[in-house]
Every structure is written in structure tokens, then in C-alpha cells.
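> Questions regarding the structure given below will be posed in turn.
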Amino acid sequence: MLIYGPVAPEEMTEASGPFEIPTSTIVAAGGKPPTREEVAEGISELSDAAGNLLRKDDPFKTRSPVVIVEQFSVVRVEIKRDHGWARLQVESKVSIDGGTIQRKPRLENVRWELRRVPAGWEVVTPQDRTYVPHDVAVKDLAAQLARLTQSGGATAYRVTVVQQESPIANLLSALLVQ
């Protein structure tokens, strides 16, 4: 296998595996239930980390749909004993599903799981979708496009590189021209 272009930054090739994205994060230490603000901060942190999916060799091949989030708000936090839910309202205009770009404004209600663990309360990402903030998506897709265009293979294997660049450029266009 030949690899063209610069070596990936260290953050993308850690020993734990490339592009490993956390599935949960602690939002409140101890036994006290988390506030809406703490939950929103944890979800924002997880969503920012999920942006690494868009830096993969083919950001259109993901196991679940990727929703590019314009904004979200934690509407309510429900706790019963050691388990609960954060109810969010998520606004999006673009998503990637089945390898294609979906351009459709949506306002959806989403539940994120909350669990009490020994370290406190954690928020857990939904398994059916990946949420990435708009600004993180633009930054990571632009970095991926720059990596492709600056690679040594960009001139030697132009057709292959253009086939990789084109969908990324289209997605960036969908995100930037609204």
C-alpha cells in the first residue's frame, strides 16, 4: 500500500487507535445530579471530538449518519436514581447519511443518556447518530481537503485525488453557503 501526502498529525494516530472518539464524558462529579449547563458542556465536548470522523480518508463512510449541528439546547434533564436522560433540541441543515449529503433544515428532539458511575454522572452519546458542530465540521473538512490537495499524489494521481476532493468540497460548500 502506498501512502501519499504528509504524515497524519499525532492526535490522529495515537496508540489507542486512529480516530477513536469518546462515547461518554463525566459531566458532574460526586452524587449530585448534573445541571442543564453541565450536560450541555459535556455534550459540546463529545460533539467536538466527533469531528475527527470528518478527517478520515473517506469521511462519507461512517457507521451511522453524521448530523452537522447549527445549534442545540438542553431543554430538560430527567434523573431517576442512577439513570436519566438529557432532552435536547437540535437544529441542523446538513447531514451525511449513506455516503450522501442531505441538505434539509431540521429541528429534532433528541435524548442523550445520563448514568451515575463511581466518578459522578456521565453523558453518553446516542448510538444511532453522530453529532458534529458546524464550526468543527468546517475546520476538519477544510483540513482534510488541504491535506489531499497538498499531497504528493495530488499531481501524480490527479483523478483519484479529485474523486476524493470533490465530495469534501461539495460538503464544505453546503456548510458555507446557506
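The values are calculated or read from the model by the stated rules, or taken from the named source; none is laboratory data. Remember, it's a predicted structure, so these values are computed and weren't measured experimentally. When we count neighbours, we look across all protein chains shown, and the Cβ atoms used for this are built from the backbone with ideal geometry, even at glycine.
> Which members of region 110-135 meet the condition of being in contact (Cβ under 8 Å) with a residue 60 or more places away in the chain, part of a loop (DSSP other than H, G, I, E, B) and closer than 29 Å to A174 by Cβ?
Passing the criteria: T125, Q127, D128, R129.
> Are any residues in region 107-153 within 30 Å of K80 (Cβ to Cβ) and either loosely packed, with under 14 Cβ neighbours inside 10 Å or among the small types (G, A, S) (or both), and if so, which ones?
Listed by number, the residues that qualify are L107, E108, N109, R111, R115, V117, P118, A119, G120, Q127, D128.
> Looking at region 68-78, can you tell me whether even one residue there is within 14 Å of the chain's Cα centre (by Cα), touching a residue at least 12 places away in the same chain (Cβ under 8 Å), surrounded by fewer than 12 Cβ atoms within 10 Å (Cβ to Cβ) and more than 28 Å from Q164 (Cα to Cα)?
Yes.
> Yes or no: R87 surrounded by fewer than 18 Cβ atoms within 10 Å (Cβ to Cβ), closer than 16 Å to L114 by Cα and either at pLDDT below 95 or touching a helix residue (DSSP H, G or I) at 6+ places or on another chain (Cβ under 8 Å) (or both)?
Spelling it out, it is not the case that R87 is surrounded by fewer than 18 Cβ atoms within 10 Å (Cβ to Cβ), closer than 16 Å to L114 by Cα and either at pLDDT below 95 or touching a helix residue (DSSP H, G or I) at 6+ places or on another chain (Cβ under 8 Å) (or both).
> Please determine whether any residue of region 35-55 is among the acidic types (D, E), assigned to a strand (DSSP E or B) and surrounded by 15 or more Cβ atoms within 10 Å (Cβ to Cβ).
No, that holds for no residue.
> Here is a further query. Tell me, which residue of region 56-84 that is touching a Phe, Trp or Tyr at 6+ places or on another chain (Cβ under 7 Å) and either at pLDDT 95 or above or in a helix (DSSP H, G or I) (or both) is farthest from I168 (Cα to Cα)?
The selected residue is E78.
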